[in-house]
Amino acid sequence: MRHLERLVSISVFIIVLLFFFLALSANSLIVVQAASNPIHLVMGNSMAPTINSNDGVIIKPLDGGKAEPGMVVVFPDPLHESQYIVHRIIDIKTLGEETYVVTKGDNNPEADPFLTLVEELEGEVILRIPDAGVYLDFIYTRYGYFTTVILPVAVLALYVFAKWREAKLAEKGSQSLLFSMDLFPT
């Protein structure tokens with residue numbers, strides 16, 4: 001019976017640790033995303049199948065402001081100033097003193113109808129996270145926050161309480177809490 005008790009105890013401990021790290025990860029992601037917005041969500045399929053709607057992308061600044069054809073870049077939408085576009089550079093043009101990029105979505109039949117200054121590029125996409133938007137949208141809901149943050153922390157608290165109670169029962173010579181119905185002996 002002690003072997004089964006130990007096996008159950010280890011299994012419960014592993015599950016609780018997984019829940020705790022889920023909560024810690026979700027909390028960290030919420031804080032980091034709010035502070036620095038490292039994951040940029042993509043809405044629309046202009047870059048499909050390379051980057052799909054609801055994917056997340058992580059960008060890095062251009063090295064020395066160098067832009068090259070083939071790079072997938074993020075830049076402000078000239079028609080909607082609060083939005084950004086994620087497209088591929090297909091050509092570079094110099095007009096007078098200024099250097100511009102010609103961009104195009106992989107899924108679009110034609111290049112964008114505007115040129116973008118190299119200085120306006122926010123950065124290059126270095127990583128795509130499939131469906132990151134679905135997860136981020138979920139953890140910002142009441143149910144998502146509860147299941148990814150509150151519930152795992154509550155499970156950890158219950159586990160710590162159960163272990164503390166088990167130690168108290170062991171001091172009195174009682175059986176293990178995991179196999180005892182008597183949570184609060186008199």
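The table below lists the values:
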| read-out | value |
| --- | --- |
| Sequence of His80, His40, His87 once ranked by neighbouring C-beta atoms within 10 Å, starting from the fewest | His80, His40, His87 |
| Net +/- balance of residues flanking Gly64 in space, Cβ distance below 15 Å, scoring K and R +1, D and E -1 | -2 |
| Where labels lie 7 Å past Cα in the beta-carbon direction, separation of Val32 and Ile150 in nm | 2.5 |
| Cβ charges +1 (Lys, Arg) and -1 (Asp, Glu), total dipole of the chain, debye | 1520 |
| Segment Ala170-His80, length gained on full extension (0.36 nm per residue, minus Cα span) | 25.7 nm |
| Nearest 10 degrees, 0 to 90: helix 2-36 Cα axis against the chain principal axis | 30 |
| Ala157-Glu97 pseudo-label distance in nm [points 7 Å out on the Cα-to-Cβ vector] | 6.2 |
| Sites Thr141 and Phe114 - FRET efficiency at Förster radius 35 Å, r taken between beta-carbons, to 0.05 | 0.45 |
| Relative compactness, the chain, computed as alpha-carbon Rg over 2.2 N^0.38 Å | 1.63 |
| Set of lysines with alpha-carbon distance to Lys66 below 29 Å, sequence-local pairs under 8 removed | Lys93, Lys104 |
| 11 Å beta-carbon shell around Ile85, net charge (K/R +1, D/E -1) | -2 |
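Bear in mind that the values in this text are calculations on the coordinates, not laboratory data. What you are looking at is a predicted structure, and each value in this text was computed from that prediction instead of being measured. Neighbour counts run over all protein chains shown; Cβ positions are idealised from the backbone, glycine included.
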